[in-house]
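S.K.: Questions regarding the structure given below will be posed in turn.
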Amino acid sequence: MNKIWISIGILLTVIGLALVVPCLKAGGTKAAGGYQVLAPIRNGNLTIFPVVADTSHDTSQFLTLDEGLRSGDVVVTEAGNAGPLVRPRPGHPVWDEHPRGGAQVNQLVLINNSKRPLLLLAGEIVTGGKQDRIIGKDRLVPAESDPVDLSVFCVEPGRWVARSEKFAAPMAMVQPSVRAKAMADKDQQKVWNQVGQARTAMAETVTVQAGAVAAAPIQTDSSYAGAVDNTAVRKQIDTVAAPVQQQYQSVIRQLRDRHAVGVVVAVNGQLIWADVFASTSLLEKYWPKLVRSYAAETFSQQGKSTAVDMHAAQEFLDHLDGRREIVEKEPGLYQHSEITGDGYKVFALTSLLPSTGFDLHVAKMAE
């Protein structure tokens, strides 16, 4: 009788595990960084492969841009407007706020007044000023920093009139195809061109109907942030993103002890992107706007959706090295690496702060 009860107990345990983590099977061997791809979450032509890691690091000291702007501890403003925001410091000269004067398309000034280092990710949108901009590359800004010149790209061609002196975070990130032009090409015109293509694709995909609750048309000169906030576009993005977001949030909770840290992304069966973080908590902070950026990419890549398997996704994540590497370093703060491989680029942001030395964020794009 005891053997029967033991057998039943083992069976119930197996069934319980199957219910808690359905279909989450390992995908091939682990990558050099200890990353492992799990079974995909699919909705329409968007496929998301959860990624788990061997370890998860303590990232509690890092402040995100959304957190900093919401609290007021982080201020972003046009070049030339930062003077009144600078804290007087004995023995330090007054910061020269661009003696040539005036705002510049590809430059903003950021001040981190918090006691925590600030993490910035390429593609994060800040709205306001004379034009909406996106952060040009991953970087860290030290706690209680002096004014920092930010390399940014405009995602709102056609406007050069100030809406406000300061910038806000709409909790949004541009889609991967726009991020790629900023991160890899580093070319403002290519960013503008890609923004234009993205807006056109959104306008062609959604149907704007007349009536009291109708969405406003997507104007040709609107910002990227304005386009994705269009009622009809937002509804379409929600249709794709919401189920994926909810399913993966459930996966994150189930796999917290297995260190869910990122995703591999495919659209129409084509692997296009990967985002991997140093911890589950950091992934959770960025996940809501990341998944919407992936969903926005589906506008630009319409067509018959084909399946992509876990093996291919694992292979994509396994190759994070390349034939050429460019390293930029701010000693004691961070290192930014750009790695070029055959048909892909990898960008890694490594923290050099005391007791760290790990990659905060790794992004891989297919070219």
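S.K.: Does region 240-275 hold any residues that are in contact (Cβ under 8 Å) with a residue 12 or more places away in the chain, farther than 21 Å from G123 by Cα and assigned to a helix (DSSP H, G or I), and which are they?
M.R.: Passing the criteria: P243, Q247, Y248, Q249, V251, I252, Q254, R256, R258.
S.K.: Okay, moving on. Just to verify a result, which residue in region 215-251, among those that are under 30 Å from Q36 (Cβ atoms) and buried (at least 19 other Cβ atoms within 10 Å of the Cβ), is modelled with the lowest pLDDT?
M.R.: Only one residue tops the list, namely V251.
S.K.: List pairs: first in region 310-323 and under 17 Å from I339 (Cβ atoms) and touching a residue at least 12 places away in the same chain (Cβ under 8 Å), second surrounded by fewer than 18 Cβ atoms within 10 Å (Cβ to Cβ) and among the small types (G, A, S), Cβ under 6 Å, 6+ apart or cross-chain?
M.R.: Qualifying pairs under 6 Å: G322/G341.
S.K.: So which of K329, K304 ends up being surrounded by fewer than 18 Cβ atoms within 10 Å (Cβ to Cβ), modelled with pLDDT of 95 or more and not aromatic (F, W, Y)?
M.R.: Details: K304 fails: modelled with pLDDT of 95 or more.
Answer to the check: K329.
S.K.: Still on this structure: Mind checking which residues of region 276-287 are touching a Gly at 6+ places or on another chain (Cβ under 8 Å) and either without any contact (Cβ under 8 Å) to a residue 12 or more places away in the chain or not in a helix (DSSP H, G or I) (or both)?
M.R.: Listed by number, the residues that qualify are V276, F277.
S.K.: Go over the candidates L317, L290 one by one and state the one that is in contact with an Asp or Glu (Cβ under 9 Å, 6 or more places away or on another chain) and either surrounded by 18 or more Cβ atoms within 10 Å (Cβ to Cβ) or part of a helix (DSSP H, G or I) (or both).
M.R.: Details: L317 fails: in contact with an Asp or Glu (Cβ under 9 Å, 6 or more places away or on another chain).
One residue alone meets the criteria, L290.
The values are calculated or read from the model by the stated rules, or taken from the named source; none is laboratory data. Fair warning: this is a prediction, and the values are worked out from it, not measured in the lab. Note that each Cβ is placed from the backbone with ideal geometry, even for glycine, and that neighbours are counted across all protein chains shown.
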